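Asks: Shown below is the structure under consideration.
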Amino acid sequence: MSEQGQQVGPVDHPTANGHVLLNGKFQCNCGAVMANKQHNISSHISKKHREGSAFQRAEEINRRSCGICGFNAIKFHMLVTHVRNEHGFRGETRVLQDQYTTSQVDEAILIPANQCIG
Ligand SMILES: [Zn+2]
Ligand SMILES: [Zn+2]
């Protein structure tokens, strides 16, 4: 069989979301490219997607961005550490917590400028 690289075969994985490229590799919907082998695809999915993983879902649900610079935090304490270290925030974390719990995924948390020193 000659290596023309034009044969687009089926994806070698039962539940993968993606397609086979002209070069025969598998491209996942997230953009990652790997060998079109069930083993490779399974390992990618378990590392990057973990379907049904409570851990990953929690990360997605809790993702917010810093209202000053757009930094992405996946946990509340990450945002607090960030604004304290990067923006000199010295106010009460309750102000941020309230926003965190009432906002949606990827929304910006507004950092009161008058509570930032330096
Ligand atoms: Zn992927
Ligand atoms: Zn920031």
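Asks: Treating only the Cβ atoms of Lys and Arg (+1) and Asp and Glu (-1) as charged, compute the dipole magnitude of the range 56-115 about its Cα centre; round to the nearest 20 debye.
Replies: 160 debye
Asks: Right, next: Would you calculate a helix-derived [θ] at 222 nm for the chain, using -39,500 (n - 2.57) for each DSSP H run of n ≥ 4 and dividing by the full residue count, to the nearest 500?
Replies: Value at 222 nm, helices only, nearest 500: -9000 deg cm²/dmol.
Asks: Okay, next question. Determine the shape class of the chain: with a ≥ b ≥ c the square roots of the Cα gyration tensor eigenvalues, call it rounded for a/c under 1.5, and otherwise prolate if a/b is greater than b/c, oblate otherwise.
Replies: prolate
Asks: Give the order of I45, I111 when sorted by the count of other beta carbons within 10 angstrom, beginning with the fewest.
Replies: I45, I111
Read-outs: derived from the displayed coordinates by stated rules, not from any lab. All of these numbers come straight from a predicted model, not from anything done at the bench. As a convention, Cβ positions derive from the backbone with ideal geometry for all residues, glycine included, and neighbour counts pool all protein chains shown.
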